[in-house]
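The values are calculated or read from the model by the stated rules, or taken from the named source; none is laboratory data. Just so it is clear, the model here is predicted, and its values are computed rather than measured. Counting neighbours? That spans all protein chains shown, and the Cβs are built from the backbone with ideal geometry, glycine included. Protein only, heavy atoms only, side chains kept; ligands, DNA and RNA dropped before computing areas. Shrake-Rupley method; radii C 1.70, N 1.55, O 1.52, S 1.80 Å.
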Amino acid sequence: MSNLGDFTEFDPDDDSGDSAESAESAESRTDADAADPTSATASNGDAGDAQTPDTDAGEQSFDRLDVEPATSDRGIGALSVSQGLCVAEDERDTALRAFVTTGNRDTVRLGKYLLVPYPDAETLFCRITGLEYAQEFQADDATEIHARRAMRRTEFPERDYKFVAALDPVAVLYDDGDELKRRMTDRVPKPGATVMEATDADEIKTGLKIPGEGVFLGHLSVGGEKVRTAADPPTIDYRVKDDYTEGDPLVFRHTLVAGGTGSGKTHASKNVLRQYLADERAYEMGDGRTTQPAVVQFDPQDEYAQMHDDNDELDSEFARRLEREGVAYGGHDDTLAFVPQVGDASYPGEGHRAERVRFTIPFSMVRRWPWLVAGAALNDNQYNALTLLLDRYFRQNPSGTYKGFQNFLDDPALREELNESGHVHEATFDAVKRKTRTKAANDVFDGDAEPITELVHQLVRPGGLTVVPTYHVSNSRAAEMVVLAVSSLLIDEKLSNDPEYDRIDDTPVVLGMDEAHNFLADADSVQARNVIGKFTEAAKQGRKERLGLFLITQDPQDIAESVFKQVNTKVVLNLGDEDAIKSVNIPPNLESKVPYMEKGQMVVYSPDNSEPVELIGLPKCVTRHGR
């Protein structure tokens, strides 16, 4: 088969004479050339330039040039000015873009931390917020031929495209003597400045404003992968400020841990609470004394008393790693399970070896907190009537009981008297009587155990962990009454100018509440307004009174806004509900990652501590966890 196309057709009649003559001439020339090889060579150039067969072949080649660079490349690319290079007060006008060289493109990720040096000793610390391919050469690649070539290609031609990273300037780093400091971005780097990956732990911590010391939360990460450095250990620990050098410890500015079922929020919460129980953890009180904090944790699932026990899965190698990083671990010996006596409910407590202390809620506490006895929502008139009735009852019976109060309300003469005097309408009286006579109240008050008011010195212990389990209480209203009674005792004593229990007033308290949405939900009732008002006041005054709220929830959107907005540190694990994600008010770039985070991954938003960051918690719980 021929590939000569139209030239395959040959007509012997065309120019046959000329062809024969040409063939004969060509044959004679060939014979002549064979007889005198030098003649052919000379005929291709001037006679003076003729070469002989023994000419040195090396003289016919070009000299090779050394194209290897004198030094190695630094960084991952350089700043580009082609699409603008601007730093502005309005972040929408800021334009920082870096061209990334072909060898570095596979390792670049959104969120990665970079450094851009200025001509002097200062450095711009920034974060990648966008990645983009752009055409190196002007061409229309939306064509059939381009698509077919791409489909047959085995390797991507990186050099045919530009790879550009959009950068968000975080801070300017500079040396102040022997200390590295940061300030807001106030200058633009030079075009073509080298862009390098941040790999120094001190530079990264300074750039993100992460404290060097404090309560350990986890390790810095980007996109679910830990940030690595050349140091040992190679990870970067994230800590929450816990001293008085720059204000008050953030534990007293309150913490929220939010995460869905299976996100690891209990695991993470145990690890954080264990740090507050470390031997070296202590806080200065108003009178100048330094005291270890007491942790009181409400536990609806019977999980936190396990903090008394060691984690058998924590091996010696992992323990040494924790010691190197200054992370407290191991069971906490000073752990008590304060078990509420509610009706005939029995507490199994099979998951831990902590000592148990049984207690009951005395009805006398209702004198300070009337809403504890209200079994259903009371309107303002009914609540005023309840306070009047309780006041009269306790004046007559200072050590009154719940059953005594019910008998007091059963007196028809009292009902008639109050109605005729205009103090309490008979319909209002009947409503109060009906709404305070509940099974939950009957089970909670005045049980067969020591009153909580007689156990304050055991409830609050410097350096001690008290867990109040309610898992065994099947009646949700009864469990709520227990939690609100004990928390109200702690909060009121902390906020009081004339406290009854000096132990509470003289000890820093971390008040932990799991499933906080069940107790701090906003509702239009007198009871809810009183509870929310109390916790809101506690949140506002906690810094001064050394009271820190540690709220744990899977439904952060249900927590009353007045309490929520007082929380400074938000630890957000995986949440699948859009309303829940919106409610935690974290930056949009991190908010979008929350639904995709794996177990143990978290976002920390603590404006008074650091820039918003991603973390990965410890893979193992520092105390016992799980059944």
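Brief remarks follow.
- A Cβ-based charge dipole, computed about the Cα centre of the chain with Lys and Arg at +1 and Asp and Glu at -1, lands at about 5380 debye.
- Carbon + sulfur, % of accessible area of the range 87-152 - ligands and nucleic acids excluded, 1.4 Å: 49 percent
- The phi torsions of the range 397-404, fed into the Karplus equation with coefficients 6.51, -1.76 and 1.60 and a -60° offset, translate into couplings of 9, x, 10, x, 10, 5, 5, x Hz, rounded to whole numbers, with Gly and Pro shown as x.
- Degrees separating the helix 526-545 axis from the principal Cα axis of the chain, which is the longest one: 70 degrees
- Fraction of accessible area attributable to carbon and sulfur, the range 376-437 (%, probe 1.4 Å): 45 percent
- Links that overshoot a 27 Å alpha carbon limit, given the list K544/K620; K494/K593; K209/K544; K181/K226; K540/K582; K403/K494: K544/K620; K494/K593; K403/K494
- If R0 is taken as 60 Å, the Cβ-Cβ distance between E158 and D391 corresponds to a FRET efficiency of 0.15.
- Anisotropy class of the range 512-553 from Cα gyration tensor, a/c 1.5 cut: oblate
- Solvent-accessible area per residue for the chain (1.4 angstrom probe, square angstrom): 52 Å²
- The protection proxy used here, the mean number of other Cβ atoms lying within 10 Å of each residue, ranks peptides 134-145, 436-447 as follows, highest first: 436-447, 134-145.
- Sorted on the mean count of surrounding Cβ atoms within 10 Å across their residues, most packed first, peptides 276-285, 193-202 read 193-202, 276-285.
- Per-residue ellipticity at 222 nm, computed for the chain from helices alone with -39500 (n - 2.57) per DSSP H run of at least four residues, works out to -8500 deg cm²/dmol.
- Percent of beta bridges antiparallel (DSSP, the chain, rounded to nearest 5): 60 percent
- Cα-based convex hull, the range 77-208, per residue volume (Å³, whole number): 117 Å³
- Among G576, Q554, T470 - extreme Cα towards positive end, dipole of the chain, charges at beta-carbon: T470
- The range 525-604: C-alpha gyration tensor shape, a/c 1.5 cut-off, then a/b vs b/c: prolate
- Listed peptides 288-296, 580-588, 88-96 appear in the order 288-296, 580-588, 88-96 once ranked by packing, highest mean of other Cβ atoms within 10 Å at the front.
- Prolate/oblate/rounded label for the chain (Cα gyration tensor, a/c 1.5): prolate
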